[in-house]
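Here is the structure we will look at, set down as structure tokens.
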Amino acid sequence: MRKIVLVICSVSLLWLAISCNDDEAAYFTVYSFILAGQKDGNSTLYTDVVPDDTLKIPGFPDNLSMTKPLDFDNDGAMDVELYYSLSNPYMLGSGGSSLTIIPLDDNEVCTSDAEPTWADAIIFSDTINKSDKWSDSTALIYSYSWQVNGLYTSKGYFNNDDDIYIGIKLNKKGYSAYGWLSVNRAILKGYAATVPYGLE
Ligand SMILES: [Ca+2]
Ligand SMILES: [Ca+2]
């Protein structure tokens, strides 16, 4: 008799859990980390940008900036935006360019301890998880400016072709997932995020 009661209880609990969560919640799993540069395994959704995309501003030089939204988990909602801007080419004596990343909705970007407004440079295969430093503010990927006298200023960690990554945290309804973005200067190469699985 006790056995029967137990079975009935667990069935009704399950039913309750399902019926209370029509809008996706209870029965899925999502990995709590991703490795920088990881392209498969652990329910990773990888988007290779082919060919690597050198950002170009439509209508330049009348337009001096552009945004490029990215959907990491392919759910139709954009997760971050890249903002690319160039200086006016008619401005004599100086010029420059910059790229920033803007987390959308509740999402966050991994930032540097040393430079809190810069996207952190994560080396290949390093773990990206909740222990990193996360910010929901715009973060600098790189900026470069020059003057005709030969002086130039470079900021951000992504001015070169180093094999480094930007960490992304997708804060969704009821869970967080992690991702990475590969970009050097204004060249977008690819991105990935872990996605929930077990949910139909
Ligand atoms: Ca998305
Ligand atoms: Ca690529």
Filtering segment 101-114 down to residues that are touching a residue at least 24 places away in the same chain (Cβ under 8 Å) and outside any strand (DSSP E or B) yields Leu104, Asp105, Asp106, Asn107, Ser112
May I ask you to list pairs of residues, at least six apart or on different chains, whose Cβ atoms are under 8 Å apart, with the first in segment 61-75 being at positive phi and the second being in a loop (DSSP other than H, G, I, E, B) and within 16 Å of ligand 1 (Cβ to nearest atom)? Asn74/Val195
Matching option when the condition is among the small types (Gly, Ala, Ser) and assigned to a loop (DSSP other than H, G, I, E, B), among Ser85, Ser131, Ser98, Ser143: Ser131
Close pairs (7 angstrom Cβ cut-off, 6 or more residues apart or separate chains): among the hydroxyl-bearing types (Ser, Thr, Tyr) in segment 171-191, assigned to a loop (DSSP other than H, G, I, E, B) and crowded, with 21+ Cβ neighbours inside 10 Å anywhere: Tyr175/Val30; Tyr191/Phe72
When only residues in segment 25-63 that are of a type in the set (Ser, Thr, Tyr) and more than 17 Å from the chain's Cα centre (by Cα) count, which is farthest from Ile102 (Cα to Cα)? Tyr27
Would you mention how many residues in segment 26-55 are within 11 Å of ligand 2 (Cβ to nearest atom), exposed (fewer than 14 other Cβ atoms within 10 Å of the Cβ) and either β-branched (Val, Ile, Thr) or on the phi > 0 side of the Ramachandran plot (or both)? 1
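Take segment 171-200 and flag every residue that is small (Gly, Ala, Ser) and surrounded by fewer than 17 Cβ atoms within 10 Å (Cβ to Cβ).
Of everything in segment 171-200, those that are small (Gly, Ala, Ser) and surrounded by fewer than 17 Cβ atoms within 10 Å (Cβ to Cβ) turn out to be Gly174, Gly198.
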What is the residue count in segment 105-114 for residues that are surrounded by fewer than 15 Cβ atoms within 10 Å (Cβ to Cβ) and in contact with a strand residue (DSSP E or B) (Cβ under 8 Å, 6 or more places away or on another chain)? 2
Test Asp162 against the criterion of being surrounded by 17 or more Cβ atoms within 10 Å (Cβ to Cβ) and assigned to a loop (DSSP other than H, G, I, E, B), and give yes or no. no
Look at Ser131 and say whether it is at pLDDT 95 or above and either more than 16 Å from Ala177 (Cα to Cα) or aromatic (Phe, Trp, Tyr) (or both). no
Return yes or no: is Ser131 of a type in the set (S, T, N, Q), out of contact with any Leu (no Cβ under 7 Å at 6 or more places or on another chain) and without any contact (Cβ under 8 Å) to a residue 24 or more places away in the chain? yes
Among the residues of segment 66-82, is any of a type in the set (D, E, K, R), within 15 Å of ligand 2 (Cβ to nearest atom), modelled with pLDDT of 95 or more and surrounded by fewer than 18 Cβ atoms within 10 Å (Cβ to Cβ)? yes
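Please work out which residue is farthest from the chain's Cα centre (by Cα), limiting yourself to segment 64-110 and to residues that are among the β-branched types (Val, Ile, Thr) and farther than 15 Å from Ser176 by Cα.
Thr67
The values are calculated or read from the model by the stated rules, or taken from the named source; none is laboratory data. These numbers come from a predicted model, not from an experiment. For neighbour counting, all protein chains shown are included, and Cβ atoms are generated from backbone atoms with ideal geometry for every residue, glycine included.
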